[in-house]
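See structure below.
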Amino acid sequence: MNMQTTDVTTAAVHTRVEDVKLYIDGEFMDAAQAVTFENINPFTNQLINLVAEGRAKDIDKAVAAANEAFVRGPWGSMKVAQRMKYINRIADLIDEEIEEIAILESLDTGLPISQTRNMVARAAENFRFYARMVQTKLHGEAYPVDNEFLNYTVYKPIGVVGLITPWNAPFMLETWKVAPALATGNTVILKPGELSPLTANKLAKIIDKAGLPNGVFNVVHGFGETAGARLVEHPDVRAISFTGETTTGSIIIKNSADTLKKTSMELGGKSPLIVFEDADLERALDAAVWGIFSFNGERCTSNARVFLHKNIKDQFISALKERVANIKIGHPMDPSTELGPLIGKEHFNKVKSYIELAKQEGCEVVQGVVPEEVKDGNFVPPTLLLNAKNDMRVCQEEIFGPVMAVIEFESEDEVIAAANDVKYGLAGFVWTNDIKRGHRIAFAVDAGMIWINAQNVRDLRIPFGGTKASGIGREGGHYAIFEFYTEPKVIHVALGDHHIPQFGKVKE
Ligand code: NAD
C-alpha cells in the first residue's frame, strides 16, 4: 500500500485523518455555527475525524457563491475548450491520487480496497467522458421553415445545481453527477452522505488544486434534514439531482415543489436475477454471488432476489452455499478481502433485523462466518435466505446488505409475474441460453436496466436509472447532459418579412 499521502498514514484502517471542513467559494472553512459531527470507522467503530456540520446558513453562503460564479463569474462565459481543460485536469489529478482516494474510501465506508480502486479509476473517466461528450455532442437542432424562418435550439446550463448523494460508493456516485454538471457549465453545491464525507472532501481538494474559479464547486457536509433540506428549498437552486432512498426521494420532490425545481431521482431497488435451467450455471453463479456480495451488498442494483428454475435449484443452492462459506471476510485494506463491514451500527442493526425477520417468515438462513478478529466491525456475513417466497417482506423491502433471497420458479410466466410483483424497478438480470427467451424476459421485466447473461457491467454512454419506486429520470450518457444539466432554448429567426397582424393600425 502506498502510504506517501497527506491524509492517510500507516495502518490506515485504525487511523485518524485530518478533520473535514466545508468548501465554499474556493475556501475550506468551519461551519457558520462552528458545529461538527463525528465520522466513525465501520471496521473499528472508532472515530476517524470530525466533520464541519453545515446548516442553512452555510448552504445559503454556498448558493450565493455559486450563483455569483454562474451569473457574473468567468465560468458562464468561458470558452468551452477552456472549461474542458479544467474538467480534464480534474480527471488527471484523480488519476494521480487513485491510491489515496481508494484508501480514504475504504477507511470511510468499509468497502474492500480491491473494489474501491476500480471505482476511483472509473471516477476519473467520468470527467473525461463528459468533457468529450460536451465538446462533440452537445449541439442543438435546426428547423428551417421554407425561406421564411430558421428555428434552432441551443443547450444552456441550468445555473446553480444541488447534488445530494448517499454513502454507498460515494466517490463514484458524486463524480457521476459533478462531472456532467460542471462540464455543461453549471455551478454546483454537493451535499454528500453524512456517513462518508472523506472522498467528497478529497474531491474538493482536487478541484481546488485544478484551479476552478471560486464558487463554481462547493461542498457542504451535514445532515439531510438540515443542510440537504435547505438546498432543496433554496429559491436560487434550479435543480436537484438526488441519489438515495426512495422515501427520501419522495420528501425531496415534495419539498422542491414550492420552488418548482427540476429533480432527478436515483432510488432504491430489489432487483431480480433469474436463472433458467438451460443457463451457463457456472457463470450465472459467479454473477449472482458478485452481484449481491460485492460492495458489501450495499449496492442499489444488487440482485437481492434470485429466482432459480426448479430443475437446477438444488444444484445451484449447493454451489451458492459453498461460495458463501468461502467468501473472504476481513479488513477493508487487505487486497484479498471480498466482503467488508457495513457502513454504520444503525445500518448493521437494520440488516440483522431483516435476517431475524426472514427466520420468522419461514426462510432457512445460511451464512458465512465472521472471523473472531474482526468482531469490532459492522460485519454481516454473506447470507442466503432459502425457501423464500416473493411476497415475504424480506423479498419486498430493500435490505441493502449482503443478503440474497432465493426463490424457486417453474414457468416463464410465473417468474415474470413474481419479478414484477415488487414496488421497485431498478435492474434485472436473466440467465438463459435461449436467445428468444432472454429477450422476452428482458422486455417483460419492469426495470430501467436489464442484463442478459451478463453481470452488472456499465457503459458510460447508456442511460442509468429505474422505473416505479426506483426513480424518475436517467443519468449517464447524453441523458445527463441533454435532459438534466441543460435546458434547450429555441431561437426563432425570420429570414424575410413574414406577415405580422397589425392590431390598432389606422388604415390609410
Ligand atoms: P438516504 O436517502 O438516507 O440519504 C441520501 C442523501 O440524502 C444523504 O446525503 C442525506 O443526507 C440526504 N437527505 C436525507 N434526507 C434529506 C432531506 N429531507 N432533504 C434533502 N436531503 C436529504 O440514502 P442512503 O441511506 O445514504 O443511501 C442508500 C440508498 O441509496 C439505498 O436506498 C440505495 O438503493 C440508494 N441508491 C440508489 C442508487 C441509484 O442509482 N438508483 C445508487 C446508490 C444508492
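The values are calculated or read from the model by the stated rules, or taken from the named source; none is laboratory data. Nothing here was measured: the structure is a model prediction, and the numbers come from that model. For neighbour counting, all protein chains shown are included, and Cβ atoms are generated from backbone atoms with ideal geometry for every residue, glycine included. When the accessible area is computed, the model is the full protein with side chains, heavy atoms only, and any ligands, DNA or RNA have been set aside. Shrake-Rupley method; radii C 1.70, N 1.55, O 1.52, S 1.80 Å.
Of the residues making up segment 429-458, those that are out of contact with any strand residue (DSSP E or B) (no Cβ under 6 Å at 6 or more places or on another chain) and over 29 Å from Q115 (Cα atoms) number 9. In summary, A181 fulfils each of the numbered conditions (1) surrounded by fewer than 24 Cβ atoms within 10 Å (Cβ to Cβ); (2) over 30 Å from V380 (Cα atoms); (3) not β-branched (V, I, T) with the single exception of condition (1). The strands (runs of 3 or more DSSP E) located wholly in segment 171-256 that include 1 or more residues which are more than 12 Å from the ligand (Cβ to nearest atom) and under 18 Å from the mean Cα position of the chain (by Cα) occupy 187-191, 239-243. Among the numbered conditions (1) closer than 10 Å to S271 by Cβ; (2) more than 25 Å from the chain's Cα centre (by Cα), the only one that N433 does not meet is (1). Pairs are defined by a Cβ separation below 6 Å, a sequence spacing of at least 6 or placement on different chains, a first member in segment 263-277 that is of a type in the set (A, V, I, L, M), and a second member that is near the ligand (Cβ under 9 Å from one of its atoms); the pairs so defined are M265/F242; M265/G249; M265/G471; L267/T246; L267/G249; L267/S470; L267/G471.
Taken as a whole, the condition of being in contact with a Gly (Cβ under 7 Å, 6 or more places away or on another chain) and open to solvent by 10 Å² or more (accessible area, probe 1.4 Å) applies to R83.
Selection within segment 467-481: residues that are closer than 15 Å to W176 by Cβ and open to solvent by less than 50 Å² (accessible area, probe 1.4 Å). The member of this set that is nearest to the ligand (Cβ to nearest atom) is G471.
Quick grid of which residues meet (1) over 24 Å from E18 (Cβ atoms); (2) without any contact (Cβ under 8 Å) to a residue 12 or more places away in the chain:
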site: E99; (1), (2): no, no
site: L107; (1), (2): no, no
site: L111; (1), (2): no, no
site: N118; (1), (2): yes, yes
site: R122; (1), (2): yes, no
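For segment 358-387, a residue qualifies if it is buried (at least 16 other Cβ atoms within 10 Å of the Cβ) and within 23 Å of W167 (Cβ to Cβ), and the qualifying residues are V370, V374, G377, N378, F379, V380, P381, P382, T383. For segment 146-170, name all the residues that are within 16 Å of the ligand (Cβ to nearest atom) and either within 30 Å of I113 (Cα to Cα) or in a loop (DSSP other than H, G, I, E, B) (or both). Those that are within 16 Å of the ligand (Cβ to nearest atom) and either within 30 Å of I113 (Cα to Cα) or in a loop (DSSP other than H, G, I, E, B) (or both): G162, L163, I164, T165, P166, W167, N168, A169, P170. Scanning segment 406-416 for residues that are in contact (Cβ under 8 Å) with a residue 60 or more places away in the chain, of a type in the set (D, E, K, R), open to solvent by 10 Å² or more (accessible area, probe 1.4 Å) and under 30 Å from L111 (Cα atoms) turns up nothing.
Criterion applied to I355, I343 was being within 26 Å of Q46 (Cβ to Cβ), in contact with a Leu (Cβ under 9 Å, 6 or more places away or on another chain) and assigned to a loop (DSSP other than H, G, I, E, B), and the one residue passing it is I343. Taking the numbered list (1) open to solvent by 60 Å² or more (accessible area, probe 1.4 Å); (2) in contact with a strand residue (DSSP E or B) (Cβ under 8 Å, 6 or more places away or on another chain); (3) within 16 Å of the ligand (Cβ to nearest atom) in turn, Y143 passes all entries but (3). For segment 267-304, the tally of residues that are over 22 Å from H439 (Cβ atoms), surrounded by 21 or more Cβ atoms within 10 Å (Cβ to Cβ) and among the aliphatic types (A, V, I, L, M) stands at 4.
Quick check: anything in segment 201-221 closer than 25 Å to M78 by Cα, among the acidic types (D, E) and open to solvent by 10 Å² or more (accessible area, probe 1.4 Å)? Scanning segment 201-221, I find at least one residue that is closer than 25 Å to M78 by Cα, among the acidic types (D, E) and open to solvent by 10 Å² or more (accessible area, probe 1.4 Å), so the answer is yes. Of everything listed in (1) closer than 22 Å to A417 by Cβ; (2) touching a residue at least 24 places away in the same chain (Cβ under 8 Å), the single unmet condition for H439 is (2). Looking across segment 482-503, the residues that are exposed (fewer than 11 other Cβ atoms within 10 Å of the Cβ) and without any contact (Cβ under 8 Å) to a residue 24 or more places away in the chain come down to D497, H499, I500, P501, Q502, F503. Within segment 305-316, is even one residue open to solvent by less than 10 Å² (accessible area, probe 1.4 Å) and within 15 Å of the ligand (Cβ to nearest atom)? Yes, the conditions are met somewhere in segment 305-316.
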